[in-house]
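Taken together, the values in this text are just the output of simple stated rules run on the coordinates, not laboratory data. Just so we're clear, the structure is a prediction, and the values are computed from it rather than from any experiment.
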Amino acid sequence: MNFSVQPVLENEEFQLIPLQQGDFESLYEVASDPKVWEQHPNKDRYKREVFENFFTGAMESKGAFKIMEKATGDVLGSSRYYDFDEENNHIFIGYTFYGTKSWGKGINPQVKKLMLDYIFQFVDKVHFHIGKENFRSQTALERLGGQKIAEEEVAYFAEPSRTNFVYEIKKENWV
């Protein structure tokens, strides 16, 4: 891999900053709302001990970001790049979540645009794992041009495996 999966990415409103150990409390404050996880395969991530495991996986991925609003300095959520496949020249984007105050404000499309614009300099395809009951995220990915290409069992970091859909966006289709 001849590129970083943890650059600082930003536009006028938002900044994606590489996640650091000291970010736990500010990110957990966003993640501690059960509503954030109600459509997610692991509905218990609002619990501190479950989120600690999620955060450890994020740190070990070396591709995770905290998402910040520049005007306020507020932490809005997190996302990451993971599972780069050099042979097939694709990578995953996922483990994305936002606090409820960020929902419905067009933040996710802007963040995904930053991530996709950057990573398409290096890969031909981006894949996304989305829980089969996570209709909000499925809709969001379809609005970005994602196509559902598969269904598979995914074991999140130290969690039981769950059924996920795999969505794909190809570089040639990204505008």
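Name the lysines eligible as straight-distance cross-link partners of Lys70: C-alpha to C-alpha under 18 Å, and not fewer than 8 places from it in the same chain. Within reach: Lys101, Lys105, Lys112, Lys113. Once a ≥ b ≥ c are taken as the square roots of the eigenvalues of the Cα gyration tensor of segment 1-99, is the result rounded (a/c under 1.5), prolate (a/b larger than b/c) or oblate (a/b not larger than b/c)? Cα axes put segment 1-99 in the oblate bin. Entry note, the chain: the mean residue ellipticity at 222 nm calculated from DSSP H runs of n ≥ 4, each adding -39500 (n - 2.57), is -7500 deg cm²/dmol after division by the residues and rounding to the nearest 500. The phi torsions of segment 78-88, fed into the Karplus equation with coefficients 6.51, -1.76 and 1.60 and a -60° offset, translate into couplings of 8, 8, 7, 9, 7, 6, 5, 10, 5, 4, 9 Hz, rounded to whole numbers, with Gly and Pro shown as x. Assuming a ≥ b ≥ c are the square roots of the Cα gyration tensor eigenvalues, decide whether the chain counts as rounded (a/c under 1.5), prolate (otherwise, with a/b larger than b/c) or oblate. Note, shape of the chain comes out rounded. Here Lys43 is the anchor, and the aspartates and glutamates within straight C-alpha reach of less than 20 Å, apart from those fewer than 8 places off in the same chain, are Glu25, Glu29, Asp33, Glu52, Glu133, Glu151, Glu152, Glu153, Glu159. If you sort the three axes of the alpha carbon gyration tensor as a ≥ b ≥ c, you get a/c of 1.5 or more for segment 88-175 and a/b no higher than b/c, which makes it oblate.
For segment 49-63, backbone phi angles converted through the Karplus equation (6.51, -1.76, 1.60; θ = phi - 60°) give residue-by-residue couplings of 5, 6, 5, 4, 5, 4, 5, 4, x, 5, 5, 5, 5, 6, x Hz, Gly and Pro being listed as x.
Within straight-line reach of Lys148, meaning a Cα separation under 16 Å, sit the following lysines at least 8 residues removed in sequence or on another chain: Lys125, Lys132, Lys170, Lys171. Taking θ = phi - 60°, what integer Hz values does the Karplus form 6.51 cos²θ - 1.76 cosθ + 1.60 yield along segment 143-150, in sequence order, with x for Gly and Pro? For segment 143-150, the Karplus-derived couplings read 5, 7, x, x, 10, 6, 10, 6 Hz, x marking Gly and Pro.
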